[in-house]
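Contents: one structure, followed by commentary.
Every number here is computed from the coordinates shown, using simple stated rules; none is lab data. Since we're looking at a predicted model, the values are computed, not measured. Note: ideal-geometry Cβ built from the backbone for every residue, glycine included; neighbour counts use all protein chains shown.
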Amino acid sequence: MTIKKVLIVDDSKTERLALSDLLHRSGFSVSTAENADEALSSLAKDKPDLILMDVVMPGGNGFQLTRTLSRDPQFSDIPIIICTSKNLETDRVWGLRQGAKDYVVKPVNGPDLIAKIQALG
């Protein structure tokens, strides 16, 4: 599967804009959501090829949403990369146990993130 459409789920407008710009410049189509509810609403309308998931968000954290999506047959085929400021090894392990395919710590290194996305495609 070639990854073309990416959904960014992050409550920080600055992060959404920075990641969107990076992905657009690399040829990806991008949609954004600022919380779990918006992400679920977006997923119901248009299924992305990849989700970049923040962890700390109001209303429901990214670990919970990753677990929900990875266990739902409708969405379990969408790879998720956790993209967070939480840089402890226990957080990384927990994120991967929830179903994420990879884990990236902010601030994001653009070339590294693009390489990780391409490796999933």
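At 7 Å along the Cα-to-beta-carbon direction for both V93 and S26, put a label point, then send me their distance in nm to one decimal.
2.8
Expressed in nm², what is the orientationally averaged projection area of the convex hull enclosing the Cα positions of the chain? Spell out each step's value before the answer.
Values: hull surface 25.9 nm².
For the chain, the mean projected area of the Cα convex hull comes to 6.5 nm².
Compute the Cα gyration tensor for region 67-121, then decide on rounded, prolate or oblate, letting a ≥ b ≥ c be the square roots of its eigenvalues: rounded whenever a/c is under 1.5, prolate when a/b is larger than b/c in the other cases, and oblate in all that remain.
Oblate, since a/c reaches 1.5 and b/c is not below a/b.
Per residue of region 92-109, in order, report the coupling 6.51 cos²θ - 1.76 cosθ + 1.60 (Karplus, θ = phi - 60°) as ³J(HN,Hα) in whole Hz, putting x for Gly and Pro.
4, 4, 4, x, 5, 5, 7, x, 5, 8, 7, 9, 10, 9, 7, x, 6, 8
Counting other beta carbons within 10 Å of each Cβ, put S12, S41 in order, fewest first. Show your work: numbers first, answer last.
Numbers: S12 15, S41 11.
The most exposed by this proxy come first: S41, S12.
Please identify the trypsin sites (Lys or Arg not before Pro) of region 16-115 that satisfy two criteria: DSSP loop assignment and at most 16 other Cβ atoms within 10 Å. Which are they?
Numbers: sites: R16, R25, K45, R67, R71, K86, R92, R97, K101; in loops: R71, K86, K101.
Here the trypsin sites (Lys or Arg not before Pro) that fit, given the DSSP loop and packing criteria, are R71.
Helix-derived [θ] at 222 nm for the chain: sum -39500 (n - 2.57) over DSSP H runs of at least 4, divide by residue count, nearest 500?
Values: 5 runs with 52 residues, N = 121.
Calculated mean residue ellipticity at 222 nm is -13000 deg cm²/dmol.
May I have the count of lysine pairs in the chain with C-alpha atoms under 19 Å apart, counting pairs 8 or more residues apart or located on different chains?
The result is 16.
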